[in-house]
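First comes the structure, then the notes that go with it.
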Amino acid sequence: MATPSDTSSIDTADAPREIRSRKGSAAARGARRPSRDAVSQWSRFALPALLVVIMAVFSVVEPDTFPTLDNATTILTTQAVLAVLALAALSTLVVGQFDLSLGAQLGLAQVILPGVLSRYQVNLGVGILIAVGVTTLIGTISGLLVARVRLNSFIVTLGIATVLQAVVLWFTGSQVIFEGLPESLVEFSTAAVLGIPMPVIYVAVIAILVWLLLERTPFGRFMEAVGGSRDAARLSGINSDGITVIAFALGGMLAGIAGVLQASQVGSGNPAVGPEFLLPAFAAVFLGATSFRVGRFNVWGTLVAVVTVAVGVSGLNLLGVPQWVNPLFNGVALLVAIIATRYLRGTAMN
Amino acid sequence: MTETAETGTTVPALSTRGLTKTFSGRAVLDDVDLDVQRGEIHALLGQNGSGKSTLIKCLAGVYRPDGGEITVGGRRLPRAFPPTAARRFGLAFVHQDLGLALDMTISDNLGVVRGFHRSGPFIKRRDQHAETRRVLDFLGVRASPHTLVRDLPVTARTLLAIGRAIDFSGGTDLNCLVLDEPTAALPDNDAHLLFDAVRQLAGRGVGVIYVSHRLEEIERLADRVTVLRDGRLISTREMAGTTRRDLVDEILGGGGLRAAGTRVTSTVGPRESTPRKALRGKGLTGVRIQDVSLAVEPGEILGIAGLAGSGRSELCRLLFGAQRLASGEVSIGDATLQRHRPAESIRRGLAYIPEDRRGQACLMRMTVRENLTLLRPPVRRGLIDKKRERRLSTEAITRFDVRPHDAEALVSALSGGNQQKVILAKWFAHRPSVIILDEPVQGVDVGAKAQVFAQLRQAASSGAAVMVVDSDFDNLVELCDRVLVLRHGAVAAEMAGDAVTAAAITRATFGISEEADHVALNEQRT
């Protein structure tokens with residue numbers, strides 16, 4: 001798996017031993033449990049099962065408001081931005097790198113789009129291309145700095161994120177952009193096909209494409225190999241550097257699309273929006289790695305994680321719990337999931 | 001070290017009685033009674049999967065035995081104890097992964113494990129360094145306590161890992177030291193430095209358990225030897241009067257080697273032949289390598305010998321394009337490699353299996369299937385053809401006898417020998433014309449080694465040019481048609497046919513002979 005530890009300079013020499021010894025102790029305890037295989041088979045579906053349980057519980061507790069089509073539509077629609085950003089985070093995590101500027105890239109795209117629409121009267125398609133093009137370029141630059149200049153991705157993207165925040169403030173003059181916007185911007189996400197809101201369809205299409213790329217093409221396999229070990233991948237004839245750059249570019253592109261969705265759903269560009277999406281997106285990817293392909297970052301796990309957390313939070317809101325319960329729920333869900341994976345599989349998620 | 005009459009009266013350094021460990025119903029360790037006397041070097045032998053590692057992990061507190069007891073220095077250990085407690089019982093371990101912090105100094109590495117000399121909360125640097133120097137002198141390592149471990153040669157690192165385990169202040173509290181394949185990563189000619197340190201320790205009354213696959217080492221070093229097979233203790237005997245043949249027979253349990261050999265040859269058979277191409281390097285110069293020219297002809301197995309630091313691994317990397325060539329050129333067949341990169345070399349039919357199996361040769365956290373097909377995943381309409389991929393990997397697993405027969409197992413879960421088989425299978429699937437291997441049988445058991453060698457001979461006889469680096473000269477003698485000896489990054493000698501003997505290679509690696517012992521360590525440092 002692409003591990004965050006790969007990006008650090010910490011000596012990995014005793015990491016394998018550490019993992020092995022933990023595995024051993026888990027195996028030792030395993031005597032009293034069903035076999036490891038059975039457990040890991042089962043644990044793959046723990047997260048989706050949790051989602052079902054949460055839905056069942058809230059449906060019983062809130063029979064009038066929770067299990068309604070309206071509520072389902074709302075939850076899915078409002079999570080579209082986060083879902084796409086989580087897929088962006090996924091694409092760099094797979095090659096073993098962090099992109100901490102994704103939130104800021106989202107923020108930039110969601111002011112660029114309304115900005116160019118209102119100032120230059122371009123049509124929506126062109127506006128979207130510009131916004132997504134800019135973030136793709138930024139991703140490419142981060143990727144080049146990481147792969148060619150051999151800088152630590154954590155630090156590089158932290159710097160880029162900070163610079164982008166400055167660019168957003170400069171571009172917007174610290175004002176929300178909401179005047180002179182064409183109706184097409186909002187229609188882009190309020191439209192629906194067969195009653196399914198467009199944002200849900202966008203997410204579904206993007207997710208399928210990313211899934212195909214990651215899990216069904218040689219390129220995706222190579223991305224995972226680079227995430228596993230840059231050296232080993234290179235010695236197998238894989239262009240590790242090129243793949244790293246493309247992963248960052250892909251992350252930038254997806255962050256740009258997330259920004260477009262955000263601008264279109266809100267109908268404006270807010271200079272303060274963006275960074276707050278970053279940590280939930282990463283949390284969703286890590287949470288998602290506990291299901292389906294356990295121990296590997298994967299598309300479906302990531303999406304289920306986004307939805308599970310959103311459903312939980314939505315149910316709690318309907319119950320009228322205080323504000324602080326929401327972040328508590330998010331955090332506890334992530335911690336429980338990775339701890340459970342650690343003990344069920346006996347290996348670290350990192 | 002010759003414990004004879006008095007051993008009966010003294011308490012053994014370590015003993016186990018009826019030690020048993022089962023994993024999902026299978027006994028991995030079955031009723032093992034082992035006694036290690038004080039001052040004894042006790043070798044532990046067995047194939048991969050014979051229970052050696054499990055035994056050691058039980059001693060280390062990593063596994064909790066299902067039954068039996070462990071006594072160290074007369075003190076019975078509790079059924080379960082954390083690995084951190086082992087040291088308190090007077091047990092110390094040097095694992096294959098040495099567990100040193102590469103970016104810290106020697107002195108700090110010692111302090112972290114054995115405790116720092118302190119005044120209040122502060123480290124007394126002078127005392128700390130004085131002690132470090134004592135340890136280094138004892139080990140025969142010439143380095144300053146300030147040296148980063150990263151800058152030490154492998155041999156010195158291994159010695160340091162041993163040094164960490166010993167307490168020099170006052171009498172020794174160490175009962176038993178367990179060395180798990182300490183020479184696996186060591187150049188053969190440095191091994192005696194390690195042996196000296198081990199003998200000195202034994203001389204201080206420490207019982208040493210020495211795990212190794214190299215029989216000649218055990219012959220040189222051990223007082224007694226215990227063989228494990230299928231989790232059972234087969235025999236414990238005095239090394240004096242035991243031949244290698246006896247040991248191999250016991251390790252394999254009758255005809256095992258022959259069975260392994262025939263399996264390989266029969267399944268591979270007279271297969272498709274490889275495009276015949278020679279590998280040529282002309283005036284190769286790069287890091288650690290000075291103007292080396294060589295050729296490996298199709299059908300030939302060329303061995304590369306030399307001390308660690310002589311440029312053996314670097315030569316492989318230069319030929320493969322994994323490292324920058326300052327000058328010189330490499331050609332495969334008629335084609336001279338222009339943009340010399342791994343990807344191009346692979347396209348031209350070159351295969352390279354690096355020494356660092358975990359870090360560079362395979363992807364530990366991916367499955368056997370994914371590793372096997374990594375070079376060229378089977379594709380149908382732009383997408384990976386899962387069905388064909390599964391079929392190809394199952395075939396490769398059967399042909400190379402990878403255990404367990406499970407394409408979906410993570411490579412990290414396999415033993416070293418089986419990982420090596422996966423790597424061979426991965427490369428051989430593309431019928432490379434030229435195969436470069438750096439330490440292909442390092443840490444691999446006798447049976448798997450025979451299989452790997454058989455595969456290499458088979459590849460050569462079907463027309464591949466094979467180049468093998470091995471620090472175990474006996475392996476080179478067994479396998480190679482011709483051997484080049486590297487010294488200081490240049491070819492020092494070449495021998496072929498009957499002239500290839502371990503003695504000749506050894507002499508050539510040192511240039512002259514004697515006094516080279518410490519030279520070895522010094523030249524690596526530069």
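The values are calculated or read from the model by the stated rules, or taken from the named source; none is laboratory data. Note that the structure is a prediction, hence the values are computed from the model and not measured. Heads up, the Cβs are rebuilt from the backbone with ideal geometry, glycines too, and the neighbour counts pull from every protein chain shown. All accessible areas refer to the heavy atoms of the entire protein, side chains included, with ligands and DNA or RNA removed. Shrake-Rupley method; radii C 1.70, N 1.55, O 1.52, S 1.80 Å.
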Per-region count, the stretch B:338-347, residues surrounded by fewer than 20 Cβ atoms within 10 Å (Cβ to Cβ) and either over 20 Å from B:Ser293 (Cα atoms) or more than 10 Å from every other protein chain (Cβ to nearest Cβ) (or both): 6
Could you tell me whether the stretch A:295-308 includes any residue that is small (Gly, Ala, Ser), within 25 Å of A:Leu108 (Cα to Cα) and crowded, with 24+ Cβ neighbours inside 10 Å? no
Looking at the stretch B:191-245, which of its residues are of a type in the set (Ser, Thr, Tyr) and within 18 Å of B:Leu34 (Cα to Cα)? B:Tyr210, B:Ser212, B:Thr226, B:Ser235, B:Thr236
Test: residue in the stretch B:199-208 that is at pLDDT 90 or above and surrounded by fewer than 20 Cβ atoms within 10 Å (Cβ to Cβ): yes
If you go through the stretch B:276-289 one residue at a time, do you hit one that is β-branched (Val, Ile, Thr), surrounded by 15 or more Cβ atoms within 10 Å (Cβ to Cβ), closer than 19 Å to B:Trp427 by Cα and at pLDDT below 95? no
Does the stretch A:100-152 hold any residues that are assigned to a loop (DSSP other than H, G, I, E, B) and at pLDDT 95 or above, and which are they? A:Leu100, A:Ser101
Of B:Lys426, B:Lys387, which residue is closer than 24 Å to B:Gln96 by Cβ, in a helix (DSSP H, G or I), outside the structural domain of B:Ser53 (by TED's automatic domain parsing) and out of contact with any Lys or Arg (no Cβ under 8 Å at 6 or more places or on another chain)? B:Lys426
For the stretch A:169-214: of the residues being closer than 21 Å to A:Thr78 by Cα, assigned to a helix (DSSP H, G or I) and in contact with a Gly (Cβ under 7 Å, 6 or more places away or on another chain), which is least open to solvent (accessible area, probe 1.4 Å)? A:Leu185
Could you list, ordered by first residue, the pairs with Cβ atoms under 7 Å in which the first is in the stretch A:233-255 and in contact (Cβ under 8 Å) with a residue 60 or more places away in the chain and farther than 15 Å from A:Pro218 by Cα and the second is open to solvent by 10 Å² or more (accessible area, probe 1.4 Å) and basic (Lys, Arg), at least 6 apart or interchain? A:Asp241/A:Arg148
For the stretch B:480-493, state whether one or more residues are open to solvent by 30 Å² or more (accessible area, probe 1.4 Å) and assigned to a helix (DSSP H, G or I). no
If you check B:Ala351, B:Ala396, which single one turns out to be part of a strand (DSSP E or B) and more than 8 Å from chain A (Cβ to nearest Cβ)? B:Ala351
Given (1) surrounded by fewer than 23 Cβ atoms within 10 Å (Cβ to Cβ); (2) modelled with pLDDT of 85 or more; (3) more than 30 Å from B:Leu410 (Cβ to Cβ), index of the condition A:Pro327 fails: (2)
From the list A:Ala255, A:Ala272, exactly one residue is surrounded by fewer than 22 Cβ atoms within 10 Å (Cβ to Cβ) and of a type in the set (Gly, Ala, Ser). Which is it? A:Ala272
Considering only residues that are open to solvent by 80 Å² or more (accessible area, probe 1.4 Å) and within 14 Å of chain A (Cβ to nearest Cβ), look in the stretch B:1-43 and name the one that is modelled with the highest pLDDT. B:Arg26
Against the definition (surrounded by fewer than 21 Cβ atoms within 10 Å (Cβ to Cβ), at the interface with another protein chain (Cβ under 10 Å from one of its Cβ atoms) and of a type in the set (Gly, Ala, Ser)), how does B:Gly333 come out, yes or no? no
Might you check whether a residue that is of a type in the set (A, V, I, L, M, F, W, C), at the interface with chain A (Cβ under 9 Å from one of its Cβ atoms) and within 19 Å of B:Met467 (Cα to Cα) occurs anywhere in the stretch B:362-375? no
Test: B:Lys449 is open to solvent by 10 Å² or more (accessible area, probe 1.4 Å), over 17 Å from B:Val368 (Cβ atoms), in a helix (DSSP H, G or I) and touching a residue at least 12 places away in the same chain (Cβ under 8 Å): yes
B:Gly67 vs. criteria open to solvent by 10 Å² or more (accessible area, probe 1.4 Å), in contact (Cβ under 8 Å) with a residue 24 or more places away in the chain and within 13 Å of chain A (Cβ to nearest Cβ): yes
